[in-house]
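The values are calculated or read from the model by the stated rules, or taken from the named source; none is laboratory data. None of these values were measured; they are calculated from a predicted model. Here Cβ is always computed from backbone atoms with ideal geometry, including for glycine, and neighbour counts include all displayed protein chains.
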Amino acid sequence: MDAKELTKTLISYNTVSTRSNVEVMDFLTETLESIGCEVERVAYTDPGGVLKVNLIGRKGRTNTGERGLALLGHIDTVPAIAWSENPFEARIIDGKMYGRGSCDMKGSVACMIEVASRYAASELTAPLYVVITADEEVGYLGATAVVEKSEMFKRHGFPCYGVVGEPTELHAVYGHKGVCRFTVTAHGYAAHSSTGKGDNANLKMIPFLAEMREIYHELTTDSRYFNSEFSPPFTDWNITLSDGECAANITAPRSVCNINYRPMPGHDTQAWVNRARESAERHGLDFEMLIGGPPVRTEPDAEIIQAALEITGETAPRTVAYGTDATAFAQHMEIVIIGPGSILQAHTVDEWMALDQFDKGVTIFSRFVDRFCV
């Protein structure tokens with residue numbers, strides 16, 4: 001199995017999160033079975049009514065009592081808009097592979113599968129898992145479904161250790177911020193603004209916005225809520241607004257506020273969300289939680305983190321500000337986030353991954369397998 005060639009194939013499947021991923025998961029089921037994995041498919045229907053599939057490939061002994069290692073990746077991507085070339089056709093130019101998902105994170109998934117192909121089941125003294133999820137980009141829905149529904153993990157127990165292969169340029173990451181995303185909606189009704197007969201939803205939103213601005217300033221200026229392990233050391237309480245681009249002479253019938261909050265370890269996440277919810281209810285607005293994922297922090301002296309430092313030759317692990325499927329899996333296994341590619345290329349127009357990252361990724365993932373499964 002060759003990671004670069006497999007990545008080219010994976011890029012050719014449009015797996016933007018709004019679409020079904022069944023076709024690519026059928027292909028990956030055959031791929032995992034061809035390298036000797038027992039495969040479980042965990043299906044669910046997303047909030048938009050679209051069928052999604054997650055895969056768990058398992059290779060290795062089942063009678064040792066050792067719960068092994070999981071290589072964890074996702075197959076969905078963000079949308080591809082305004083690209084100069086077809087985003088679903090891999091192109092290699094100047095030592096880089098271009099294509100949506102090359103970096104985040106089909107390239108990493110391909111590296112994991114190449115690594116799994118290199119080991120015979122008889123070599124593994126503890127099981128090796130390759131877990132490929134859906135909907136990481138829109139709230140870790142696939143990983144959550146795996147945690148809740150996998151018969152394989154119910155039967156054998158979750159592996160002791162997990163490697164989330166998000167693009168970190170193969171630096172060891174021990175923690176990241178969580179994510180809470182919710183909407184608050186004000187309702188009015190439209191009329192010509194000159195008549196005085198309308199009910200402007202934007203006006204109803206203003207008192208709530210003032211209180212959200214207070215929360216924003218507390219979280220970004222009060223050092224009691226800072227965490228020096230992260231850069232920046234304060235959290236995100238980002239506010240966006242939409243009234244549907246209502247014309248200036250129409251009273252807005254609907255006003256929507258979206259808030260994205262990235263809690264850090266040590267935050268009382270629910271307290272801040274409840275404060276926003278109570279504000280919305282006090283002002284007669286509708287509150288809807290869209291995504292709720294806790295922050296992740298594996299103790300730096302944990303075995304998986306120390307192994308990652310030995311494998312990479314680094315002296316200290318890092319944190320990152322973005323989120324990963326570790327949000328769902330970290331409650332069940334010791335997690336390190338480490339993978340090929342750079343987050344600076346993730347989600348960009350003309351996304352790419354340097355070709356040398358493939359070989360380096362395969363080498364690093366293989367060393368984890370050698371450490372925990374052989």
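Restricting the stretch 224-248 to residues that are within 19 Å of residue 201 (Cβ to Cβ) and not hydrophobic (A, V, I, L, M, F, W, C) leaves a set whose member that is surrounded by the most Cβ atoms within 10 Å (Cβ to Cβ) is 243. From 168, 185, grab the single residue that is of a type in the set (Val, Ile, Thr) and not in a strand (DSSP E or B). From the options 168, 185, the qualifying one is 168.
Based on what the data block shows, is residue 266 closer than 30 Å to residue 339 by Cα and not hydrophobic (A, V, I, L, M, F, W, C)? Here the answer is yes, as residue 266 does meet what is asked. Taking the stretch 216-271 as the range and being farther than 30 Å from residue 195 by Cβ, over 25 Å from the mean Cα position of the chain (by Cα) and of a type in the set (Gly, Ala, Ser) as the test, only 223 passes. In the stretch 187-208, the residues that are of a type in the set (A, V, I, L, M) reach residues that are surrounded by fewer than 16 Cβ atoms within 10 Å (Cβ to Cβ) with C-beta atoms within less than 8 angstrom, at least six apart or across chains, in these pairs: 190/250; 191/197; 191/199; 191/250; 201/187; 205/241.
Quick one: which of 369, 336, 349 is buried (at least 21 other Cβ atoms within 10 Å of the Cβ), outside any helix (DSSP H, G or I) and either under 23 Å from the mean Cα position of the chain (by Cα) or not assigned by TED's automatic domain parsing to the domain that holds residue 229 (or both)? Quick ask: steps written out before the conclusion?
Details: 369 fails: outside any helix (DSSP H, G or I); 349 fails: buried (at least 21 other Cβ atoms within 10 Å of the Cβ).
Only one candidate passes the filter, namely 336.
Select from the stretch 287-323 the residues that are in a helix (DSSP H, G or I) and hydrophobic (A, V, I, L, M, F, W, C) and list them in ascending order.
Matches in the stretch 287-323: 304, 305, 307, 308, 309, 311.
Tell me which residues, restricted to the stretch 14-44, are part of a helix (DSSP H, G or I) and farther than 21 Å from residue 120 by Cβ. Reasoning before the result, please.
Taking the stretch 14-44 as the starting set, the residues that turn out to be part of a helix (DSSP H, G or I) are 22-34.
Hits for the stretch 14-44 are 22, 23, 24, 25, 26, 27.
Do we find that residue 110 is outside any loop (DSSP other than H, G, I, E, B), within 16 Å of residue 8 (Cβ to Cβ) and assigned by TED's automatic domain parsing to the domain that holds residue 14 in this structure? Criteria met by residue 110.
It is to be established whether one or more residues within the stretch 82-91 are assigned to a strand (DSSP E or B), in contact with a Pro (Cβ under 9 Å, 6 or more places away or on another chain) and of a type outside the set (Val, Ile, Thr). Outline the logic, then answer.
So in the stretch 82-91, the residues assigned to a strand (DSSP E or B) come out as 91.
Filter once more, keeping what is in contact with a Pro (Cβ under 9 Å, 6 or more places away or on another chain): none.
Within the stretch 82-91 (the criterion being assigned to a strand (DSSP E or B), in contact with a Pro (Cβ under 9 Å, 6 or more places away or on another chain) and of a type outside the set (Val, Ile, Thr)), the answer is no, since none of the residues qualifies.
When 294, 317 are checked against the criterion of being under 27 Å from residue 224 (Cα atoms), of a type outside the set (Lys, Arg), surrounded by 15 or more Cβ atoms within 10 Å (Cβ to Cβ) and at pLDDT below 95, 294 stands alone in meeting it. Do you know which residues across the stretch 200-255 are over 20 Å from residue 268 (Cβ atoms), assigned to a strand (DSSP E or B) and touching a helix residue (DSSP H, G or I) at 6+ places or on another chain (Cβ under 8 Å)? Answer for the stretch 200-255, where residues must be over 20 Å from residue 268 (Cβ atoms), assigned to a strand (DSSP E or B) and touching a helix residue (DSSP H, G or I) at 6+ places or on another chain (Cβ under 8 Å): 239, 241, 250, 254, 255. Taken as a whole, the condition of being under 21 Å from the mean Cα position of the chain (by Cα), in the same structural domain as residue 78 (by TED's automatic domain parsing), not in a loop (DSSP other than H, G, I, E, B) and not hydroxyl-bearing (Ser, Thr, Tyr) does not apply to residue 343.
Checked against (1) in contact (Cβ under 8 Å) with a residue 40 or more places away in the chain; (2) surrounded by fewer than 21 Cβ atoms within 10 Å (Cβ to Cβ), residue 328 passes all but condition (2). Residue check: residue 144 meets all listed conditions (1) of a type outside the set (D, E, K, R); (2) crowded, with 17+ Cβ neighbours inside 10 Å; (3) closer than 30 Å to residue 59 by Cβ; (4) in contact with a Cys (Cβ under 8 Å, 6 or more places away or on another chain) but one, namely (4).
This table checks each residue for (1) assigned by TED's automatic domain parsing to the domain that holds residue 137; (2) buried (at least 20 other Cβ atoms within 10 Å of the Cβ); (3) under 18 Å from residue 176 (Cα atoms); (4) touching a Lys or Arg at 6+ places or on another chain (Cβ under 6 Å).
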{"residue": "250", "(1), (2), (3), (4)": "no, no, no, no"}
{"residue": "255", "(1), (2), (3), (4)": "no, yes, no, no"}
{"residue": "261", "(1), (2), (3), (4)": "no, yes, yes, no"}
{"residue": "300", "(1), (2), (3), (4)": "yes, no, yes, no"}
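The residue that is farthest from residue 324 (Cα to Cα), counting only those in the stretch 275-307 that are among the acidic types (Asp, Glu) and over 22 Å from the mean Cα position of the chain (by Cα), is 281.
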